[in-house]
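This report refers to the structure that appears directly beneath it.
Each value in this text was obtained by applying a stated rule to the coordinates, not by laboratory testing. The structure presented is a predicted model; accordingly, all values stated were derived computationally and were not measured. Note that we place each Cβ from the backbone using ideal geometry, even for glycine, and neighbour counts take in every protein chain shown.
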Amino acid sequence: MPTTTQQRPSPTHALPRMTGEAGVRYGLAHAGLVLVALAAAATHVPLAGALVLLTLAALVGARGLGVGWRVAIALAAWAIWTGFFEHSVGVLTFSGGDLVRLAALTGLAAACTHRVVRPWSRLAP
């Protein structure tokens, strides 16, 4: 008796990936910030260099997310730099220089409105 296999119909659209979800990408951006901070601390990067690396990591990680997500990631980058590079053991301060860096990071994150993520309907064949 011959065996037959049934062919499944091919999907008409691509399913979204988990990395398309804003919350997942927010978590991945934070993981990237922590990895960059650990690498900068392990290689003894100067303070200004660590700030630049964290800023770039925040902007790359927040790429394509909404303004609120981008600002929250920038706040996390500021907190990591202020708490572990400028000061020790997670102490956050709000002196003049800290507030300037906070305003610069959040302003830069809010201003970067480039959208890379396209709607899934346009990606479907």
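Odds and ends about this structure:
- Residues within the stretch 71-91 that are more than 21 Å from the chain's Cα centre (by Cα) and either in a loop (DSSP other than H, G, I, E, B) or exposed (fewer than 15 other Cβ atoms within 10 Å of the Cβ) (or both), tallied: 4
- Scope the stretch 59-70; condition surrounded by fewer than 19 Cβ atoms within 10 Å (Cβ to Cβ) and part of a helix (DSSP H, G or I); matching residues: VAL60, VAL67, GLY68, TRP69
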